[in-house]
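Right, one structure below, let's go through it.
The values are calculated or read from the model by the stated rules, or taken from the named source; none is laboratory data. Quantities reported herein were computed from a predicted structural model and do not represent experimental measurements. Ideal geometry is used to build each Cβ from the backbone, glycine not excepted, and the neighbour counts take in all protein chains shown. Just so you know, the surface numbers come from the protein's heavy atoms only, side chains and all, with ligands and any DNA or RNA stripped out. Shrake-Rupley method; radii C 1.70, N 1.55, O 1.52, S 1.80 Å.
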Amino acid sequence: MARPKDTRPRGAGATVAPGARLRVLLPLPLADAYDYRAPASGAPPPGSFVTVPLGGRQATGVVWDGPPDPSLPESRLREVIAVLDAPPMTAALRRFVDWVAAYTLSPPGAVLRMAMSAPAALAPPAPQAGWRRAPAWPEGARLTPPRRRVLELLADGRARAGAEIAAAAGVAPAVLRAMAAAGLIVPSLLPRAPRFAMPAPDHPGPVLGREQAAAAAALSAAVARRAFSTTLLTGVTGSGKTEVYFEAVAETLRQGRQALVLLPEIALSTQWLERFRARFGVAPALWHSELTSRTRRDTWRAVAEGEAPVLVGARSALFLPFPDLGLIVVDEEHETAFKQEEGVVYHARDMAVVRARLAGAACVLASATPSLESVTNAATGRYASLHLPARHGGAELPEVALVDLRRTPPERGRFLSPPLVAAVGQTLARGEQAMLFLNRRGYAPMTLCRACGHRLRCPNCTAWLVEHRAQRRLQCHHCGHAEPPPEACPECGAPQATVPIGPGVERVLEEAKALWPEARVLVMASDTLPGPAAAAAAARSIREREVDLIIGTQIVAKGWHFPHLTLVGVVDADLGLAGGDLRASERTFQLLHQVAGRAGREEHRGRVLVQSFAPEHPVMRALVSGDSDAFMAAEAEARRPGHWPPFGRLAALIVSSEDERAAERTARDLGLAAPGGEGVEVLGPAPAPLAILRGRHRRRLLLKTRRDIAVQPLLRAWLAKVAVPGNVRVQVDVDPVGFL
Ligand code: ADP
Ligand code: ZN
């Protein structure tokens, strides 16, 4: 890649006309801002999008802040080619790009690239052509009845699109062409219609209960202050948190500012979108990775021009060019989907708070099972907090009971215990819906040779191959490798000797079909519901009682409202506790509590049966007692003494290479150069749990500091000490969420 700044010698002290130089940041992964000469037309202000020469080509970037390098000789400066006709990037967004880059140790250009994710939007939209009535008609023009209808329609002097005229006047498009040729109508550019309708803040919504109304008033007041604040909004599943923060959205609209709502999985959010439409009368703008390039361009431009009053999106929406953001809501703030693990590694929940601070906006973090980070910030007063204590409409929380698998195990080769089988049977007999939850896709997580004990593993990763029986394939869930099930054991050659070990949702489905052959069963997993349309159709058929039994992975934990669902069975509650991840207990509790929260949302009280081999585990006890505050307090006390987050800071270095020895050597060098001192500790290097991923050998180091010690300066100094060869990558993960 061309890097002009590196190739240009730095002359000393050349004199420059003031104002003639500017810095331009380009959306390139290795770039800092480069210096250019302003065009003859004058220096564009910071934030302007400009086209500049870069090596032998052109690139589009943003005029950045800060002083240019005065030592660069005038003769070396190249001139800005063009200033684009797009709203300049706001100072708030520029500061955000700089902030995220510094925090995550990413090149600012890599972060800028996320803020320029729709380059086509930088060109103004092509104006649409239409027709209007000619100011004066030519002598002797023939006025047939169709022509008269067109002229009557256009009598108000307003220009209209050809298709609109043809439809309204009931004429063929050829009539318009003939009328133009006859000089009766003339071409005219159309005024641009707003791309997103204004949501109506005062459109009638539900009547809020007393506690809901109080919380809504507090959030609206925070928005009306037009200043930065962060509020943690908690409340049991179904308590109306969404309805409450909708009121904050309404206040933002009244203030004439924009609102951004981040959802963890936008593809699963059709129920949310329906509720938004019910509350505000129109749909919001959407932002996620599956938009068409045209919708992306239009949406980006609309946001930049202040024409998208409410936008709901995935984490990348944080980098959209809102001119005047008044509110950011992060719904289900505990979700790990907010962490981006590739490229610029950042946590959208945390960055949302930063974005709100830089924009002078209110930030709302909402969850029934908030993260320990947010709970701690609320406890120390850094965040305000609001709590909704009860389900709306008096619906009771479900009753949770444990099934001790040591005492009442399933039959051999089965996975549903007698108490759970009985409960599902009774629920179905009453005509109510039941759900079985198992956070594992496929048929079986492992396949073993009965003859020699060989386990089938991925050739590219340290991972077992997962059988997907419906597709007749074994798959790696880390790299996408797939192969047909072997006829014979690849190790010992024994024919037909492989057996599945453990359950996935497909295997639970098989068991359910044998137990309840009459039941209509739906499997909800990312591979059976590949897109928003499929997820929406599934949700509809559940609500309309076309389904009796739902079998699902973590997808089913996501905020669904299924009014007829009264029983939830957790097939393997211990699954997430293995592995020793710092947050394993917290995350298992959040997931199971959310799954449990799907039951009994309307008139009938829900029941939850949790199958576990460790019923005495604090997570299981908290699920039964429902006392999440006590559980989180115990979690906090377990982490505080060792300075584990949120009472200390963590950053991970992941060293990877296709060459195992190169990875090993760099990891060792990093280990030898590790920072130390009071309150600073480095763990590793050690092989990552996923020691090989997509053919790359991986080593991990973990930097842990006391909370008052920032990790970024330590990381910068550390990385500067070690020469990393070209075939080795060192990825920095500040505040890691995953530890694989
Ligand atoms: P949460 O986000 O806390 O899980 P929701 O906002 O999704 O709760 O509310 C749960 C259900 O109750 C939704 O169907 C919602 O429309 C309904 N609901 C909540 N509050 C009210 C209210 N005040 N009036 C009518 N329906 C409500
Ligand atoms: Zn793999």
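Annotation note: Cβ proximity below 9 Å between a residue of the stretch 130-148 that is loosely packed, with under 10 Cβ neighbours inside 10 Å and a residue that is in a loop (DSSP other than H, G, I, E, B) (sequence gap 6+ or interchain) occurs for Ala136/Gly183; Pro138/Ala182; Pro138/Gly183; Pro138/Leu184; Arg142/Ala182. In the set Gln271, Gln255, only one residue is more than 16 Å from ligand 2 (Cβ to nearest atom) and open to solvent by 30 Å² or more (accessible area, probe 1.4 Å); that residue is Gln255. If you go through the stretch 454-472 and pick out every residue that is more than 12 Å from ligand 2 (Cβ to nearest atom) and surrounded by fewer than 16 Cβ atoms within 10 Å (Cβ to Cβ), you end up with 4. Restricting the search to the stretch 696-735, which residues are farther than 21 Å from Arg668 by Cβ and not hydrophobic (A, V, I, L, M, F, W, C)? Result: Thr705, Arg706, Arg707, Asp708, Gln712, Pro713, Asp735. Count of the stretch 116-162 residues, restricted to those that are in contact with a Pro (Cβ under 7 Å, 6 or more places away or on another chain) and either assigned to a helix (DSSP H, G or I) or modelled with pLDDT under 90 (or both), is 2. Comparison of Ala444, Ala488, Ala482 shows that the only residue that is open to solvent by less than 50 Å² (accessible area, probe 1.4 Å), closer than 30 Å to Arg598 by Cβ and away from ligand 1 (no atom under 16 Å from the Cβ) is Ala444. For Glu211, are the conditions met, namely being open to solvent by 40 Å² or more (accessible area, probe 1.4 Å), within 16 Å of ligand 1 (Cβ to nearest atom), over 30 Å from Pro27 (Cα atoms) and touching a residue at least 40 places away in the same chain (Cβ under 8 Å)? Criteria met by Glu211.
Of the strands (runs of 3 or more DSSP E) contained entirely in the stretch 491-562, those carrying at least 2 residues that are without any contact (Cβ under 8 Å) to a residue 60 or more places away in the chain and open to solvent by 10 Å² or more (accessible area, probe 1.4 Å) fall at 498-501, 521-524. Pairs linking a residue in the stretch 631-655 that is free of Cβ contacts under 8 Å to residues at least 60 places away in the same chain and within 16 Å of Phe589 (Cβ to Cβ) to a residue that is surrounded by 17 or more Cβ atoms within 10 Å (Cβ to Cβ) and among the aliphatic types (A, V, I, L, M), with Cβ atoms under 8 Å and 6 or more positions apart or on different chains, are Phe631/Val619; Phe631/Ala622. From the set of residues in the stretch 430-453 that are within 36 Å of the chain's Cα centre (by Cα) and within 20 Å of Trp516 (Cβ to Cβ), which is farthest from ligand 2 (Cβ to nearest atom)? Top of the filtered list is Glu432.
Quick grid of which residues meet (1) closer than 26 Å to Gln554 by Cβ; (2) open to solvent by less than 10 Å² (accessible area, probe 1.4 Å); (3) in contact with a strand residue (DSSP E or B) (Cβ under 9 Å, 6 or more places away or on another chain):
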position	(1), (2), (3)
Pro309	no, no, yes
Pro321	no, no, no
Leu327	no, yes, yes
Val330	yes, yes, yes
His334	yes, no, yes
Ala352	yes, yes, yes
Ala362	no, yes, yes
Ala366	yes, yes, yes
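If you go through the stretch 572-589 one residue at a time, do you hit one that is within 15 Å of ligand 1 (Cβ to nearest atom) and either under 24 Å from the mean Cα position of the chain (by Cα) or among the β-branched types (Val, Ile, Thr) (or both)? For the stretch 572-589, residues within 15 Å of ligand 1 (Cβ to nearest atom) and either under 24 Å from the mean Cα position of the chain (by Cα) or among the β-branched types (Val, Ile, Thr) (or both): absent. Reported count of residues in the stretch 431-463, each being without any contact (Cβ under 8 Å) to a residue 12 or more places away in the chain and over 25 Å from Ala691 (Cα atoms), is 1. Please enumerate the residues belonging to the stretch 189-204 that are surrounded by 16 or more Cβ atoms within 10 Å (Cβ to Cβ) and either in contact with a Lys or Arg (Cβ under 6 Å, 6 or more places away or on another chain) or over 21 Å from Arg133 (Cβ atoms) (or both). If the condition is that a residue be surrounded by 16 or more Cβ atoms within 10 Å (Cβ to Cβ) and either in contact with a Lys or Arg (Cβ under 6 Å, 6 or more places away or on another chain) or over 21 Å from Arg133 (Cβ atoms) (or both), then Arg195, Phe196, Pro199, Pro201 are the ones that fit. Condition first: among the hydroxyl-bearing types (Ser, Thr, Tyr) and surrounded by 20 or more Cβ atoms within 10 Å (Cβ to Cβ). Can you find one or more residues in the stretch 82-91 that meet it? No, every residue in the stretch 82-91 fails to be among the hydroxyl-bearing types (Ser, Thr, Tyr) and surrounded by 20 or more Cβ atoms within 10 Å (Cβ to Cβ).
Each residue in the stretch 219-238 was checked for being open to solvent by 40 Å² or more (accessible area, probe 1.4 Å) and either near ligand 1 (Cβ under 10 Å from one of its atoms) or in contact with a helix residue (DSSP H, G or I) (Cβ under 9 Å, 6 or more places away or on another chain) (or both), and 3 of them qualify.
Residues that are within 16 Å of ligand 1 (Cβ to nearest atom) and either within 23 Å of Gln255 (Cα to Cα) or at pLDDT 95 or above (or both) within the stretch 370-400 comprise Pro370, Ser374, Ser385, Leu386, His387, Leu388, listed in sequence order. Considering only the stretch 242-296, state which residues are closer than 22 Å to Gln340 by Cβ and aromatic (Phe, Trp, Tyr). Listed by number, the residues that qualify are Trp272, Trp287. For beta carbons closer than 6 Å, sequence separation of 6+ or different chains, a first residue in the stretch 105-119 that is on the phi > 0 side of the Ramachandran plot and a second that is open to solvent by less than 30 Å² (accessible area, probe 1.4 Å) and of a type outside the set (Val, Ile, Thr), the qualifying pairs are Leu105/Leu715.
Looking only at residues in the stretch 681-737 that are outside any strand (DSSP E or B) and within 16 Å of ligand 2 (Cβ to nearest atom), the one that is surrounded by the fewest Cβ atoms within 10 Å (Cβ to Cβ) is Gly695.
Residues in the stretch 473-490 that are more than 16 Å from ligand 2 (Cβ to nearest atom) and not in a loop (DSSP other than H, G, I, E, B): Ala488 only.
Residue count for the stretch 379-429 satisfying the condition of being within 33 Å of the chain's Cα centre (by Cα), open to solvent by 60 Å² or more (accessible area, probe 1.4 Å) and more than 17 Å from Val568 (Cβ to Cβ): 9. Is it true that some residue in the stretch 242-261 is of a type in the set (Gly, Ala, Ser), in contact (Cβ under 8 Å) with a residue 24 or more places away in the chain and under 30 Å from Val732 (Cβ atoms)? Taking every residue of the stretch 242-261 in turn, none turns out to be of a type in the set (Gly, Ala, Ser), in contact (Cβ under 8 Å) with a residue 24 or more places away in the chain and under 30 Å from Val732 (Cβ atoms).
Taking first residues from the stretch 689-704 that are within 16 Å of ligand 1 (Cβ to nearest atom) and partners that are open to solvent by 30 Å² or more (accessible area, probe 1.4 Å), no Cβ contact under 7 Å between residues at least 6 apart in sequence or on separate chains turns up. For Leu273, the stated conditions do not hold, so it cannot be described as hydrophobic (A, V, I, L, M, F, W, C) and away from ligand 1 (no atom under 14 Å from the Cβ).
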